[in-house]
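Since the structure comes first, as structure tokens, the remarks are kept for the end.
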Amino acid sequence: MATSTLTVRRATIDDLRAIAGLIEVCLDEVPVETHLKNAFGVTRLTYIADIQGVICGFVDGFFTRSVEGALRFEVDLLAVHPCVRGQGIAATLINEACRQAAVHCPQLNRALVRVDNAASERAFRKSGFSGQSDVYELYVSNTHSLAVSAEHFVPVVTLTYSGHWLEGGLQPVSHVDVRPASSALLGAVVPKGSRASALLDDLGFTMLGKFHWWIHGAKT
Ligand SMILES: CC(C)(COP(=O)(O)OP(=O)(O)OC[C@H]1O[C@@H](n2cnc3c(N)ncnc32)[C@H](O)[C@@H]1OP(=O)(O)O)[C@@H](O)C(=O)NCCC(=O)NCCS
């Protein structure tokens with residue numbers, strides 16, 4: 001398929017089925033339809049790539065605030081169908097989402113990219129992002145109790161889950177709170193080999209891999 005007929009536009013609710021398909025094929029996750037619909041109702045920037053009526057890629061991002069209150073645009077999910085990769089579609093999607101996000105004047109745009117994901121790194125670099133050299137580990141937990149406290153809890157609704165990102169200093173807590181939403185997930189991105197990563201290991205969080213932050217704009 002030639003990208004000369006590529007259209008990038010804001011996603012509508014009618015595009016969710018195609019987005020779900022791309023999440024499955026490209027990101028190896030099976031999204032829950034009701035969650036996807038609900039998440040789409042939350043303020044976000046989702047753009048799709050359409051070639052001759054076929055949706056072949058998407059990007060999804062949303063805003064968060066750092067512990068200091070800085071507005072950040074999180075480029076959270078990015079996928080392009082294997083049949084049309086290597087033609088600049090991901091970079092076009094990233095550029096469009098960031099262009100629209102700029103209306104809100106975020107202090108930075110950022111994305112978490114797995115250390116061995118050369119294609120994603122290249123797409124972000126082409127879009128003006130810089131990869132940070134520090135390696136981070138991504139930990140998640142979906143157990144129903146909360147045995148850790150964080151300096152900063154960031155509520156997030158992604159297209160595949162909702163929950164909180166834990167940021168800043170992490171501490172074990174002696175009393176365990178029970179989390180209300182059973183589908184809620186906790187995630188933390190901590191420096192590789194740090195005390196925080198040892199704590200999360202001890203608390204039974206699952207380590208999903210090693211990543212670099214890719215940043216466009218000021219670093220917080
Ligand atoms: C990452 C992904 C979105 C890139 O989509 P894409 O439309 O092919 O990206 P682009 O064409 O804009 O840019 C990819 C660049 O990486 C290059 N590339 C591809 N595979 C590569 C590899 N193994 N090593 C080095 N560079 C590679 C391409 O040549 C291209 O660079 P160029 O334009 O200088 O030639 C797509 O591969 C994908 O969906 N992967 C699976 C899901 C994923 O990893 N998502 C991102 C999570 S952060």
Output the residues belonging to the stretch 182-210 that are at pLDDT below 90 and of a type in the set (S, T, N, Q). S182, S183
Please indicate, with yes or no, whether at least one residue in the stretch 176-183 is within 13 Å of the ligand (Cβ to nearest atom), touching a helix residue (DSSP H, G or I) at 6+ places or on another chain (Cβ under 8 Å) and outside any helix (DSSP H, G or I). no
Of those in the stretch 97-123 that are in contact (Cβ under 8 Å) with a residue 40 or more places away in the chain and over 17 Å from W214 (Cα atoms), the residue farthest from the ligand (Cβ to nearest atom) is H104
Condition broken by D50, with the remaining ones in (1) out of contact with any Cys (no Cβ under 9 Å at 6 or more places or on another chain); (2) more than 10 Å from the ligand (Cβ to nearest atom); (3) not assigned by TED's automatic domain parsing to the domain that holds P191 satisfied: (1)
Tell me, please, whether a residue that is part of a helix (DSSP H, G or I), modelled with pLDDT under 95 and more than 13 Å from the ligand (Cβ to nearest atom) can be found in the stretch 22-33. yes
May I ask you to list the residues in the stretch 82-100 that are over 16 Å from K126 (Cα atoms) and within 18 Å of the chain's Cα centre (by Cα)? Q100
Residue check for R9: touching a residue at least 40 places away in the same chain (Cβ under 8 Å) and charged (D, E, K, R): yes
Search result, residues across the stretch 128-137 that are surrounded by fewer than 20 Cβ atoms within 10 Å (Cβ to Cβ) and part of a strand (DSSP E or B): S130, G131
Mind listing whichever residues of the stretch 101-124 are surrounded by 14 or more Cβ atoms within 10 Å (Cβ to Cβ) and either more than 17 Å from the chain's Cα centre (by Cα) or outside any helix (DSSP H, G or I) (or both)? P106, Q107, L108, N109, R110, A111, L112, V113, R114, V115, N117
Selected residue [on the phi > 0 side of the Ramachandran plot and loosely packed, with under 12 Cβ neighbours inside 10 Å] from D14, D28: D28
Among the residues of the stretch 53-81, write down those that are away from the ligand (no atom under 11 Å from the Cβ), farther than 20 Å from G217 by Cα and either surrounded by 15 or more Cβ atoms within 10 Å (Cβ to Cβ) or outside the structural domain of R122 (by TED's automatic domain parsing) (or both). I55
Can you pull out the residues in the stretch 140-160 that are assigned to a loop (DSSP other than H, G, I, E, B) and in contact with a Ser or Thr (Cβ under 7 Å, 6 or more places away or on another chain)? H144
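The values are calculated or read from the model by the stated rules, or taken from the named source; none is laboratory data. If you're wondering where the values come from, they're calculated on a predicted model, not measured in any experiment. Here Cβ is always computed from backbone atoms with ideal geometry, including for glycine, and neighbour counts include all displayed protein chains.
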